[in-house]
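Encoded as structure tokens, the structure appears first; notes follow it.
The values are calculated or read from the model by the stated rules, or taken from the named source; none is laboratory data. The model shown is predicted, which means the values in this text are computed figures rather than measured ones. Every residue, glycine among them, receives a Cβ derived from its backbone with ideal geometry; neighbour counts consider all protein chains shown.
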Amino acid sequence: MNDWENPELLHRNRLPARAYVFSYPDTAAALTFDPAGSPWVQSLNGKWKFDYSPAPAEAPERFYETGFDADDWDEIEVPSCWQMKGYGRPHYTNVLYPFPVDPPRAPTDNPTGSYLRKFNIPAIWKDMQVILRFDGVDSAFHVWVNGKPAGFSKGSRTPAEFDITDLVEPGPNTIAVRVYQWSDGSYCEDQDMWWLSGIFRDVTLIAMPRAGIRDVRVQTTFDRDYRDATLSVQTALQSNAVGHMLQATLLHDQAEVAKFKTSIDTDSPVRFDMPIANPLKWS
């Protein structure tokens with residue numbers, strides 16, 4: 001069974017979902033909340049080589065292999081929906097499916113987009129974990145890096161991250177993506193909407209330190225009088241974090257309100273609580 005119509009397969013090699021956080025070189029850069037200010041974030045948005053085919057069986061074979069000649073392919077802007085760039089047709093439906101109903105099978109006439117582009121791995125990313133992130137692809141896709149499979153994912157409104165550390169090389173690299181307009185997930189995603197396809201949200205490379213924070217969860221709990229609060233933070237750490245220090249600082253108008261600091265002696269998630277006296281309220 002094809003990956004894109006196998007209900008038992010939601011993804012392959014996709015990393016667990018996490019908070020959308022980045023590493024910055026210092027506090028000032030972090031306070032801009034702009035990933036472009038981080039040397040460990042690289043946008044892959046822009047012009048990609050693109051081929052549109054009416055069905056997966058008619059899409060270019062082995063296009064993901066290094067050395068594949070795509071000089072005669074069109075170019076398409078990423079992110080975008082290919083129907084808005086002159087490929088295929090947009091569909092609007094409210095209560096009907098725009099394809100023959102035969103779950104979990106996708107129609108044989110399943111428009112397919114093949115994408116190619118080059119990218120470079122900076123020298124300062126040496127010995128770091130390299131994550132490839134797609135914020136949104138409709139409706140299912142395979143991805144290869146330097147001719148090797150990196151993963152597969154469904155769920156067009158769900159970000160997908162893949163660890164490509166072992167697939168990339170210093171200097172030039174190649175990424176190939178094949179997107180399928182319809183999948184078994186299309187049966188669940190049917191809404192009162194326009195059906196549009198492609199890599200329609202950002203694509204990003206993220207370098208993460210081997211001893212860094214992989215995920216973070218923040219909760220606030222107020223007392224009965226809704227006056228004072230406890231700020232609870234739980235962090236999921238990379239496996240090499242033992243022996244390092246973990247520090248968290250709560251700021252208001254760049255002034256320090258509270259701080260927590262501890263040494264890391266476990267690979268397990270680290271949780272800490274900070275009491276906050278009479279914090280500013282949302283309402």
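Quick look at the numbers
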item	result
Unique match (being part of a loop (DSSP other than H, G, I, E, B), under 22 Å from the mean Cα position of the chain (by Cα) and among the β-branched types (Val, Ile, Thr)) among 174, 158	158
Tally of residues being among the acidic types (Asp, Glu) and at pLDDT below 95 across the stretch 191-214	1
Cβ-Cβ under 6 Å pairs, at least 6 apart or on other chains, the stretch 137-160 side outside the structural domain of residue 118 (by TED's automatic domain parsing), far side at pLDDT 95 or above and assigned to a loop (DSSP other than H, G, I, E, B)	none
Of all residues making up the stretch 165-183, the number that are crowded, with 23+ Cβ neighbours inside 10 Å and either modelled with pLDDT under 95 or out of contact with any Phe, Trp or Tyr (no Cβ under 9 Å at 6 or more places or on another chain) (or both)	0
Residue among 197, 186 that alone is of a type outside the set (Asp, Glu), buried (at least 17 other Cβ atoms within 10 Å of the Cβ), farther than 30 Å from residue 25 by Cα and in contact with a helix residue (DSSP H, G or I) (Cβ under 7 Å, 6 or more places away or on another chain)	197
Exclusive hit being within 30 Å of residue 126 (Cβ to Cβ), under 21 Å from the mean Cα position of the chain (by Cα), in contact (Cβ under 8 Å) with a residue 40 or more places away in the chain and part of a loop (DSSP other than H, G, I, E, B), set 214, 210	210
Checking residue 266 against (1) β-branched (Val, Ile, Thr); (2) in contact with an Asp or Glu (Cβ under 9 Å, 6 or more places away or on another chain); (3) not in a strand (DSSP E or B), the condition it does not meet	(2)
Residue list for the stretch 244-277, filter: in contact (Cβ under 8 Å) with a residue 24 or more places away in the chain and among the small types (Gly, Ala, Ser)	248, 258, 277
Positions within the stretch 135-155 being modelled with pLDDT of 95 or more, under 12 Å from the mean Cα position of the chain (by Cα) and assigned to a loop (DSSP other than H, G, I, E, B), in sequence order	135, 136
Residues within the stretch 145-161 that are over 14 Å from residue 197 (Cα atoms), crowded, with 17+ Cβ neighbours inside 10 Å and in contact with a Ser or Thr (Cβ under 8 Å, 6 or more places away or on another chain), tallied	3
Answer from 233, 242 - the residue that is within 28 Å of the chain's Cα centre (by Cα), not in a strand (DSSP E or B) and not charged (D, E, K, R)	242
Which numbered condition residue 226 misses (of (1) outside any strand (DSSP E or B); (2) in the same structural domain as residue 26 (by TED's automatic domain parsing))	(2)
Any strands (runs of 3 or more DSSP E) falling wholly within the stretch 1-93 and containing at least 2 residues that are touching a helix residue (DSSP H, G or I) at 6+ places or on another chain (Cβ under 9 Å) and surrounded by 13 or more Cβ atoms within 10 Å (Cβ to Cβ)	41-43, 46-53, 74-78
